[in-house]
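Novice: One structure coming up, written as structure tokens, with questions to follow.
FYI, it's all coordinate maths here, none of it is from the lab. Because the structure is a prediction, the values reported are computed rather than measured. Cβ: placed from backbone, ideal geometry, glycine included. Neighbour counts: every protein chain shown.
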Amino acid sequence: MGYNGGSKKHGFKRASHSFKAPDPCFQKVFSDRVWGWSVLENYFPILLFILVGLAVGVGPLLLGLLVAPHKPDAAKNSPYECGFEAFEDARMRFDVRYYLVAILFILFDLEIAFLFPWAVVLQEIGLFGFVAMLMFLAVLVIGFIYEWKKGALEWD
């Protein structure tokens, strides 16, 4: 059951061959404080979180495989798009403007998310925080005006 050369203080018994540890650090490394439950219990909430996350993610998938009826037919196995047969390749190219608008939306959406914590602590940060947020918003407005003038938001 582990290293048998330690003291009884840590729950180890001496072996009959009387092995002597090379140095005091060796006993500390193999003591139950490092390898026993005292360290593992610190990581138990993380392990529990991972296991519950896996159960929530994988459980419904497995439940669907086990419980759902499996009766395939020709209609279920056919390619389907909005009630009629597909007339174009599904891997068509999108206009770059779509990606540009999506990136701009994410950019402004995330930057607006900074306003909520700022509004909560506005009383505590005072005038300095207010001026800093005004400068932040000024940069956002200047960027928005630049995008508007360049036509990045137009779909023509």
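Novice: Give the residue list of GluC sites (Glu not before Pro) in segment 89-156 that are DSSP loop and have at most 16 other beta-carbon atoms within 10 angstrom.
Specialist: Listed in order of number, the matching sites are Glu154.
Novice: Now for a different question. With a cap of 10 neighbouring Cβ atoms within 10 Å, and only residues DSSP puts in a loop, list the chymotrypsin sites (Phe, Trp or Tyr not before Pro) found in segment 122-156.
Specialist: Numbers: sites: Phe128, Phe130, Phe136, Phe144, Tyr146, Trp148, Trp155; in loops: Trp155.
Loop-located and lightly packed - Trp155.
Novice: Would you kindly derive the ³J(HN,Hα) couplings of segment 131-146 from the backbone phi angles with the Karplus curve 6.51 cos²θ - 1.76 cosθ + 1.60 (θ = phi - 60°), listing them in order in whole Hz, with x for Gly and Pro?
Specialist: Using θ = phi - 60°, the values come out as 5, 4, 5, 4, 5, 4, 5, 5, 4, 4, 5, 4, x, 5, 4, 4 Hz.
Novice: To the nearest 20 debye, what is the magnitude of the charge dipole of segment 93-150 about its Cα centre, counting +1 on the Cβ of each Lys and Arg and -1 on the Cβ of each Asp and Glu?
Specialist: About 300 debye.
Novice: Between Val141 and Phe128, what is the spin-label point distance in nm, taking each point 7 Å from the Cα along the Cα→C-beta axis?
Specialist: 2.4 nm
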